[in-house]
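Let me begin by presenting the structure, written as structure tokens, before commenting on it.
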Amino acid sequence: MTRVLVIEDDPIIGEMLTLYLTEEQFDVQRVESAREGKFALDSYQPDILLLDLMLPDASGTELCAEFRQLTAIPIIVISMKPSVTVRIQAISSGADDFLVKPFSMQELKVRMDAVLRRTSSAKPLAVVYKNEDSTIATEVQQGLTLDLERRTIVLDGEHIETTFSEYEIMRLFYQHPNRVFSREELINAVRGIDSFINDRAIDVHVTNLRRKLEKNPKEPQFIKTVWGVGYKFIR
């Protein structure tokens, strides 16, 4: 059963979320503060996080960035603030989707299913070595590869932690080396057509990936910009 952590201090909205998601066969734990949420990440080990940006002990899009530093699971922000600026800031801070209150519970479930489906649909990426005795599948230890169980990028044997969206972009690149992806293609691959994200958020994710992976982010060797089109990955 999928575990959902709801961080929401409004008792009415919190209770509605808990009841609805429980009826939809999710395992739900709800807390009312950022402090309790951080504790629950470790004790409850959720599969997805629903995060209100206005909590009694913290508020703002920097709150999303804090939780992104603590976990790589999908984060859906739920907020009273409808401004485009707040949405962009939340996505750029690591959120995987954004819903403005009040919202449809059915839409919430569809968006949750979408990010969870993308999380669980990762296929093993391995190099197969053959010898006379057996065929052995193993992950490459040198260079750049992916750890599917931990959902991290492995660079020269070192695990590089990423956000959900950074990992999904890198997984797409890795599966299609040398292919040029437009920003629109990356948006659709990471979010789904219905989710909120724009070109700027994609650029932010690529910039963050370069900082984590490239020896010199200003002269990237892995993720190249194709001017006027988008990006491509050089393996």
(Q) For the stretch 94-108: of the residues being buried (at least 22 other Cβ atoms within 10 Å of the Cβ) and outside any strand (DSSP E or B), which is modelled with the lowest pLDDT? (A) 94
Q.
Anything in the stretch 36-62 that is of a type in the set (A, V, I, L, M, F, W, C), assigned to a helix (DSSP H, G or I) and under 17 Å from the mean Cα position of the chain (by Cα)? List them, or say none.
A. 41
Q: Tell me, yes or no, whether the stretch 198-216 has at least one residue that is within 14 Å of residue 94 (Cβ to Cβ), in contact with a helix residue (DSSP H, G or I) (Cβ under 8 Å, 6 or more places away or on another chain) and at pLDDT below 85.
A: yes
**Q.** residue 49 over 25 Å from residue 199 (Cβ atoms) and in contact with a Phe, Trp or Tyr (Cβ under 7 Å, 6 or more places away or on another chain)
**A.** yes
Q. Any residue at all in the stretch 157-167 that is hydrophobic (A, V, I, L, M, F, W, C) and at pLDDT 70 or above?
A. yes
Q: Scan the stretch 201-228 for residues that are surrounded by fewer than 17 Cβ atoms within 10 Å (Cβ to Cβ) and farther than 19 Å from residue 68 by Cα and report the count.
A: 12
Q. Looking at the stretch 63-108, which of its residues are of a type in the set (Ser, Thr, Tyr) and within 12 Å of the chain's Cα centre (by Cα)?
A. 71, 92, 93
Q) When the stretch 76-86 is examined, which residues are found to be crowded, with 22+ Cβ neighbours inside 10 Å and either assigned to a helix (DSSP H, G or I) or assigned by TED's automatic domain parsing to the domain that holds residue 165 (or both)? A) none
Q) Within the set of pairs 6+ apart or on separate chains, which have a first residue in the stretch 76-95 that is closer than 16 Å to residue 66 by Cα, a second that is polar (S, T, N, Q), and C-beta atoms under 6 Å apart? A) 89/61; 90/61; 93/61; 94/163
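The values are calculated or read from the model by the stated rules, or taken from the named source; none is laboratory data. Small disclaimer: the values here were computed from a predicted structure and weren't measured. For neighbour counting, all protein chains shown are included, and Cβ atoms are generated from backbone atoms with ideal geometry for every residue, glycine included.
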